[in-house]
Amino acid sequence: MTRLRKKAFIALFLFTLFIFGTMMGLRTLKPSEGFSDLAPGMGEFVGERGGDRRRPVSNDMVVSPGQSHLASDTKVVFTKSDRDYSIFYDVQIFYYLWYGNPQMDGKYIHWDHVLVPHWDPKIAASHAKGRHTPPEDIASSFYPELGPYSSRDPAVLESHMSQIEAAAAGVLVLSWYPPGIADNHGEPCEDLVPAVMDAAHRHSIKVAFHIQPYKGRTDLSMHENIKYIIDKYGNHGAFYRFRSTKGRILPLFYIYDSYLTPPEAWADLLHPAGTHTLRGTPYDGVFLALVVEERHKHDILAGGFDGMYTYFASNGFSFGSSHQNWKAVKDFCDGNNLLFVPSAGPGYVDTAVRPWNNHNTRNRVNGRYYETSLQAALSVRPEIVTITSFNEWHEGTQIEKAVPRKTVTRLYLDYQPHRSDLYLELTRKWAEHFNKEKDKWLM
């Protein structure tokens, strides 16, 4: 009897050990080892509402000297002599190319931005007018470590890509205007796109396009814009695409102020039966619209978009930018096979260009506002998180390095008591956390 009990105990022990070993083996699996790279809750995310679920795709990459790398659909892992680190293609950061200075451009561009008057003349009368006078007085409440730089400067582009790599953001979402067109306060800069893509490629960073509103933007002009971008940049190693579970590989486009065009016009472009549809053509893609007001959710769905993003870094500024609404928006998207992409930001202060807009300022609180924003974004289990922004200095949403500076007329905000790379480090911390959380969601 004693011998039987001993044998039974040994058998039970071995069986328990086998179960434990199996569970540990399953727990250590990464998405590339058999699980989808998508967070749960996405359902069947569709390209043309036809059942295509998409995930980020990584093309072949050029890696900086002294590095080796291991690429997957959602990240690339670098190995240096002292450590391993990753960048993540599901962390995407908005980037601006509109800055200029006399050394590179013959004059300051955007750093000398005008003080935008309020639309109510009575309010406008009580605020300063005119424009900024760089380099001592720039159109920002912060001062960049690189000074009032030019986006044409190769050294600036290299520094920016190094900083974005340090922040672990894998996709640069480039603010884009068609050739010969610029925002109201800038100069055309589409000719700089190849230099940006080359610089990004050297750091294994991908580039997506953030198409801005311009005079005369319609569904028809957008058709030409998409065709132009794909024809010109689609074969570049840095051009960003999603890969569907059916093997389709499609570019990702963010459409800013999409609500300016009625959903019926978007449907002509984005519904399979539209009069000049992109669906099923070589110019098909994943198209994300900007959600500002609550009603925009339904317009975005009716327009044939694949999803929506929130952009604004000022919590409470709009329905879309309010953290408390993100779960409801995500639920709406999940129920309609749409992608929801929340945008987190480190703070907001645009009074250097809109002196009457104090009520929308969001103080950084030494990084705590940023971490709260990122936590809110991750809490809805998104597939992609966007960062607003790398270098929108006018609105004070930048995570680019800034330095303390005091002039005769200005005292700039800064990141003290922390270092100039505080927000790059926080972005990396949360990007890594996002990646780990996705693994848990998949379990």
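Key figures
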| read-out | value |
| --- | --- |
| Region 157-172 residues near the modelled Ala195 label - backbone nitrogen below 11 Å, point 7 Å along Cα→Cβ | 157-158 |
| Calculated FRET value between Ala128 and His276, using beta carbons and R₀ = 56 Å, to 0.05 | 0.75 |
| Global geometry of region 350-443, whether rounded, prolate or oblate, following the gyration tensor of its Cα atoms and the 1.5 cut on a/c | prolate |
| Percent RCO, i.e. relative contact order, over region 88-442, from Cα pairs under 8 Å lying at least 6 residues apart | 20 |
| Accessible surface, per residue, of region 204-336 when the full set of protein chains is kept, probe 1.4 Å, Å² | 37 |
| Convex hull of Cα atoms in region 165-260, direction-averaged projection (nm²) | 7.5 |
| By average C-beta atoms within 10 angstrom, highest first, the peptides 405-418, 303-316 | 303-316, 405-418 |
| Mean separation of Cα contacts under 8 Å (6+ apart) over length of region 374-430, as relative contact order % | 24 |
| As computed over region 88-442, the Cα convex hull volume per residue (Å³) | 139 |
| Peptide ranges 91-98, 195-202, 249-256 listed from the most packed, as the mean C-beta count within 10 angstrom indicates | 91-98, 249-256, 195-202 |
| Label-point gap, in nm, between Asn235 and Asp105 - each point 7 angstrom along Cα→Cβ | 3.1 |
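The values are calculated or read from the model by the stated rules, or taken from the named source; none is laboratory data. Model, not experiment: these values are computed from the prediction. All Cβ positions, even for glycine, are placed from backbone atoms using ideal geometry, and neighbour counts span all protein chains on display. Calculation scope for accessible area: heavy atoms of the full protein, side chains included, ligands and nucleic acids excluded. Shrake-Rupley method; radii C 1.70, N 1.55, O 1.52, S 1.80 Å.
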